[in-house]
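Below is one structure, written out as structure tokens, with a few remarks after it.
The values are calculated or read from the model by the stated rules, or taken from the named source; none is laboratory data. Since the model is a prediction, treat every value here as computed from it, not as a measurement. Every residue, glycine among them, receives a Cβ derived from its backbone with ideal geometry; neighbour counts consider all protein chains shown. We work out accessible area using only protein heavy atoms, side chains counted, and drop any ligands, DNA or RNA first. Shrake-Rupley method; radii C 1.70, N 1.55, O 1.52, S 1.80 Å.
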Amino acid sequence: DLPLKFPQRDLVIYEMHVRGFTNHESSETKYPGTYLGVVEKLDHLKELGVNCIELMPCHEFNELEYYSYNSVLGDSKFNFWGYSTVNFFSPMGRYSSAGLSNCGLGAINEFKYLVKEAHKRGIEVIMDVVFNHTAEGNENGPILSFRGIDNSVFYTLAPKGEFYNYSGSGNTFNCNNPMVRQFIVDCLRYWVTEMHVDRFRFDLASILTRSSSSWNAVNVYGNSIDGDVITTGTPLTSPPLIDMISNDPILRGVKLIAEAWDCGGLYQVGMLPHWGIWSEWNGKYRDMVRQFIKGTDGFSGAFAECLCGSPNLYQKGGRKPWNSINFVCAHD
């Protein structure tokens, strides 16, 4: 199995929820709601002209993190989307027809099979990855992994131990701490070298540009700089994590897509530090096109600019029209 390496300008991307795509009986699949179920429908996607699928989170997550009873359907409420990672190195076991058998090896093999079968049909695979927060919540949340290893290293904390919440999900991963950024790079490398994923879409990627707790040049670069005092969470012009990913010998060869905003009000569409290789979900394209289509006055010029690849956003920074991921509808 080899990467397809399609030029980004040629991509037609289909965002997909692995379970939701085939879970309904109308899909008529042998393994509904699983990686194998998706494989059964790859030919259908190929007929539609799709040459790239973007999988909503497939890292292991806790579906019952907010366990409660659903009185309408008479069962438990589930976290459906999966943007609440428990383990960044494991594919979601419940999306596998093999379930959790054999210590999750069945899920690993099925995920690999999905990628290989997609490649055979000329379809690339993007993973939607969530490195901005984890499933451990705020300072009152459960201790599942990182909080038990080193709370102050893995999370962005205030001086008295409160959690910064730029993710809107209770905590913020301390992405530009040296240990944390190495963890993220190791994880991305694993999914490329072992699973053969073609690209990554980074959820709330602006958090990856924010300064870590106890930010200073010594604990980031190894040497001091006069006057280097930056408030925790400040957006950085050259974030060490983005720098590492962009210049990594393995990762710079895959395509990197940012959702260039976060829940703390940081909006960087067209302005994310990019080293010339990052693309962005173009939320402004989405808004302008929708306004034009529904007939709002005054949007014809903006609509025309969108069709030209949004040069107002990307040309000044040296990027091309295909660095804009154009969409009008997505999961949220």
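If you take the residues of region 6-24 that are modelled with pLDDT of 95 or more and of a type in the set (D, E, K, R), which of them is most open to solvent (accessible area, probe 1.4 Å)? Selected residue: Asp10. Applying the criterion of at least 1 residues that are surrounded by 15 or more Cβ atoms within 10 Å (Cβ to Cβ) and among the basic types (Lys, Arg) to the helices (runs of 4 or more DSSP H) found wholly in region 224-332 leaves 283-293.
Does region 113-121 contain at least one residue that is β-branched (Val, Ile, Thr) and out of contact with any His (no Cβ under 6 Å at 6 or more places or on another chain)?
Residues of region 113-121 β-branched (Val, Ile, Thr): 115.
Pick out the ones that are also out of contact with any His (no Cβ under 6 Å at 6 or more places or on another chain) and you get none.
Within region 113-121, not a single residue is β-branched (Val, Ile, Thr) and out of contact with any His (no Cβ under 6 Å at 6 or more places or on another chain).
One line per residue, one yes/no per condition, for (1) among the basic types (Lys, Arg); (2) farther than 25 Å from Ser211 by Cβ:
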site: Arg94; (1), (2): yes, yes
site: Asn102; (1), (2): no, yes
site: Phe111; (1), (2): no, yes
site: Glu117; (1), (2): no, yes
site: His133; (1), (2): no, no
site: Glu139; (1), (2): no, no
site: Asn151; (1), (2): no, no
site: Tyr155; (1), (2): no, no
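Answer yes or no: is there a residue in region 118-126 that is touching a residue at least 40 places away in the same chain (Cβ under 8 Å), out of contact with any helix residue (DSSP H, G or I) (no Cβ under 9 Å at 6 or more places or on another chain) and open to solvent by less than 60 Å² (accessible area, probe 1.4 Å).
Yes: one or more hits.
Based on what the data block shows, is Gly99 on the phi > 0 side of the Ramachandran plot, open to solvent by 10 Å² or more (accessible area, probe 1.4 Å) and in contact with a helix residue (DSSP H, G or I) (Cβ under 8 Å, 6 or more places away or on another chain)? Outline the logic, then answer.
Details: on the phi > 0 side of the Ramachandran plot: yes; open to solvent by 10 Å² or more (accessible area, probe 1.4 Å): yes; in contact with a helix residue (DSSP H, G or I) (Cβ under 8 Å, 6 or more places away or on another chain): yes.
The answer is yes for Gly99.
Would you check which residues across region 126-165 are under 30 Å from Cys52 (Cα atoms) and touching a Ser or Thr at 6+ places or on another chain (Cβ under 6 Å) and list them? Let's see the steps before the verdict.
At the first step, the residues of region 126-165 found to be under 30 Å from Cys52 (Cα atoms) are 126-135.
Passing the criteria: Val130, Asn132, His133, Thr134, Ala135.
Does Gly49 qualify as being out of contact with any Gly (no Cβ under 7 Å at 6 or more places or on another chain) and within 28 Å of Leu100 (Cα to Cα)? Working first, answer last.
Values: out of contact with any Gly (no Cβ under 7 Å at 6 or more places or on another chain): yes; within 28 Å of Leu100 (Cα to Cα): no.
So Gly49 does not fit the description; no.
Counting the residues of region 43-90 that are modelled with pLDDT of 90 or more, open to solvent by 10 Å² or more (accessible area, probe 1.4 Å), part of a strand (DSSP E or B) and not hydroxyl-bearing (Ser, Thr, Tyr) gives 4. Figure legend. Inter-residue proximity from region 50-78: first residues basic (Lys, Arg), second residues in a strand (DSSP E or B) and surrounded by fewer than 16 Cβ atoms within 10 Å (Cβ to Cβ), beta-carbon distance below 8 Å, spacing 6+ or different chains. Indicated pairs: Lys77/Tyr69; Lys77/Asn70. Within this structure, Ser167 passes the test of being in contact with a Cys (Cβ under 7 Å, 6 or more places away or on another chain), buried (at least 17 other Cβ atoms within 10 Å of the Cβ) and not in a helix (DSSP H, G or I).
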